[in-house]
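The values are calculated or read from the model by the stated rules, or taken from the named source; none is laboratory data. Since the structure is predicted, the reported quantities are computational estimates derived from the model, not experimental observations. Methodologically, a virtual Cβ is constructed for each residue, glycine included, from the backbone with ideal geometry; neighbour enumeration extends over all protein chains shown. We work out accessible area using only protein heavy atoms, side chains counted, and drop any ligands, DNA or RNA first. Shrake-Rupley method; radii C 1.70, N 1.55, O 1.52, S 1.80 Å.
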Amino acid sequence: MKKLLILFSFFMIFSIQVFASKNLYLSYEKTPNSVYKNQKFEIKVKALITTSDFTNLTTNFVNQSNITVLNPNSSWKKISNDTYTNSFYFKAKSANFKMPKIEVKLWNSSSLIDISNLESSDVKFSNIGKSDSRFSNVIADNIILKAYKTKQYNNESALTIIDIDALNSNLEDFRLENVLEQGVSNIKEWENIQNLVYYIVTPIYDKNLTFTYFNSKTNSFSEVKVPLILQNELVSTQTDLNPNDSTFEKYKKVAAIIVFIILLILFIWRRNKILFVLMFIAFIFAVLYNLPNEKAYIKKDSYIYILPTKNSTIFFKADKKLEVEVLETRHGFKKVLGNDGFIGWIKEDSLEKN
């Protein structure tokens, strides 16, 4: 009997020590019940930490299949003294996908303090849009057609460039059926907002282009209509295709200024050297993002391309010297915005600086 009591006491002490050594607890804060093919969806994880003696958290994803983790290196955000959260975004490729097990490690510099695992969540899969030839393959909370421009491509075809903003979307999968030629001119992403500049070649007699996307807020298909009006038929109310007016660019410029102001206030309050360095860096980014674009001229007879590649489709040929704004440089090409609203890529040697 005495031996049993000793063994029981030893077991209780061991159990208490094991329990007390646990410093990291994980739970799901947000998971979807079902998702669609190629839909970008969010899984939100909460970490409860029972020690203050740690430096960082790291995340691994194991045992998944037919699914992509879009932001595997996402940083954990502190919510309270002992609580951290993280939002991970996924995209399922097929019906037989398997969600990963989420493994989180708690570190103190290079020393591992604790490991916790979240077993894969149960998420159902649905395929949509199979019977709709207008479906663009995009699933989003909302899509905004910000701008469009149509120009004669040849005797039979017209070239249209559209500028789209989308919220919580998979704009990178945008594609239309029954279109002669199409492609991505530019795509950007800032947190849950995406911006896409896309070109489409259609028969010159088409006057409208309609595509659909699946609205994940209403669980229904929504239509987007693009008027295909040739440039010489444009009415004064048509929107200019100016990437500087996109929601993405505006958010970036405003965010840079806000971050600088916050760091400036913190520096004035705390007088901390690290805050001064961060404030100075934020100031540089705020200035760079808000600088006006470089002005230049395109040489006469220069070709304006849709994409920055030598085999790209030619948008048009400049019949005279044209003044433009330089928006971007890539692979020996310059992205330019003309005074009459056109946007395209030219070779660097076709440009004359002011």
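Working only within the stretch 102-125, note down all residues that are part of a strand (DSSP E or B) and either out of contact with any strand residue (DSSP E or B) (no Cβ under 8 Å at 6 or more places or on another chain) or at pLDDT below 90 (or both).
Asn108, Ser111, Lys124, Phe125
Can you tell me which residue among Leu176, Leu171, Leu167, Leu145 is open to solvent by 10 Å² or more (accessible area, probe 1.4 Å), under 24 Å from Ile67 (Cβ atoms) and either without any contact (Cβ under 8 Å) to a residue 24 or more places away in the chain or of a type in the set (A, V, I, L, M) (or both)?
Of Leu176, Leu171, Leu167, Leu145, the one residue that is open to solvent by 10 Å² or more (accessible area, probe 1.4 Å), under 24 Å from Ile67 (Cβ atoms) and either without any contact (Cβ under 8 Å) to a residue 24 or more places away in the chain or of a type in the set (A, V, I, L, M) (or both) is Leu167.
Taking into account only those residues within the stretch 151-201 that are among the acidic types (Asp, Glu) and not in a helix (DSSP H, G or I), which is modelled with the lowest pLDDT?
Glu191
Within the stretch 255-270, is there a residue that is of a type outside the set (Phe, Trp, Tyr), at pLDDT below 75 and either closer than 30 Å to Val226 by Cα or open to solvent by less than 70 Å² (accessible area, probe 1.4 Å) (or both)?
no
Any idea which residue in the stretch 217-238 is nearest to Asp141 (Cα to Cα), counting only those that are at pLDDT below 60 and surrounded by 14 or more Cβ atoms within 10 Å (Cβ to Cβ)?
Residue satisfying both the conditions and the ranking: Gln238.
For Leu145, state whether it is farther than 16 Å from Gln39 by Cα, assigned to a strand (DSSP E or B) and modelled with pLDDT of 90 or more.
When the stated conditions are applied, Leu145 passes them.
For the stretch 126-135, give me the residue count where each residue is modelled with pLDDT under 90 and open to solvent by less than 50 Å² (accessible area, probe 1.4 Å).
4
Hey, can you tell me all the residues within the stretch 240-254 that are at pLDDT below 70 and touching a helix residue (DSSP H, G or I) at 6+ places or on another chain (Cβ under 8 Å)?
Answer for the stretch 240-254, where residues must be at pLDDT below 70 and touching a helix residue (DSSP H, G or I) at 6+ places or on another chain (Cβ under 8 Å): Pro243, Glu249.
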